[in-house]
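Report on the following structure.
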Amino acid sequence: MISTGRGTGFASPGGQNVNKVSTKATLRVPLAALEPHIPKVFMEALVENKPKYLTDTGDLVISSDSSRSQLTNTKACWEKLYQAVINSKKLPGITSPEKKERVKKLEWVSNENRLKSKDKISKKKAGRRGPVGEW
């Protein structure tokens, strides 16, 4: 359900126009209404994580008044809803074989650099000791 509201009366882009024109959009969606449209994994995460838009009654209330256009604010509300659902749960991705090979190569290079650094430090310290066994 989308509803509109009057401007707040505070200074905003557009000056006095905010007092004359209703451009704010508010989206109120009960979680039960979203259930058939959202995968169960995301629905459980939404309830568990309790996004800032979730009310105590179980409704998602999202509003936007950032634009002078009510249509743009309505679209922004739907985008915020979409982002709230998507960001509620991170799903593991599949790593490609190319990426796995690249990581192995980077690990090998890193290990070689570490060994070279150790050897350099070892030689530097050995040079400080002087000759061994010749007195």
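Below, the figures for the structure above:
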{"read-out": "Packing-based ranking, highest mean first, of 56-69, 98-111, 31-44 given that Cβ atoms within 10 Å are counted", "value": "56-69, 31-44, 98-111"}
{"read-out": "Set of lysines near K50 by C-alpha distance (under 26 Å), chain-local residues within fewer than 8 positions excluded", "value": "K24, K40, K75, K80, K89, K90"}
{"read-out": "R128-V47 pseudo-label distance in nm [points 7 Å out on the Cα-to-Cβ vector]", "value": "6.4 nm"}
{"read-out": "Karplus-derived 3J(HN,Hα), 6.51/-1.76/1.60, for each residue of the stretch 40-52, Hz, glycine and proline x", "value": "4, 4, 6, 4, 4, 5, 4, 5, 6, 7, 6, x, 5"}
{"read-out": "Segment S22-L54, extension gain: residue separation times 0.36 nm, minus the distance between their alpha carbons", "value": "9.1 nm"}
{"read-out": "Theoretical FRET efficiency, 1/(1+(r/R0)^6), r = Cβ-Cβ of K40 and I94, R0 35 Å, to 0.05", "value": "0.95"}
{"read-out": "Whole-Hz couplings from phi, Karplus 6.51/-1.76/1.60, listed for the stretch 29-34; x for Gly and Pro", "value": "10, x, 4, 4, 6, 7"}
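Bear in mind that the values in this text are calculations on the coordinates, not laboratory data. Since the model is a prediction, treat every value here as computed from it, not as a measurement. Neighbour counts run over all protein chains shown; Cβ positions are idealised from the backbone, glycine included.
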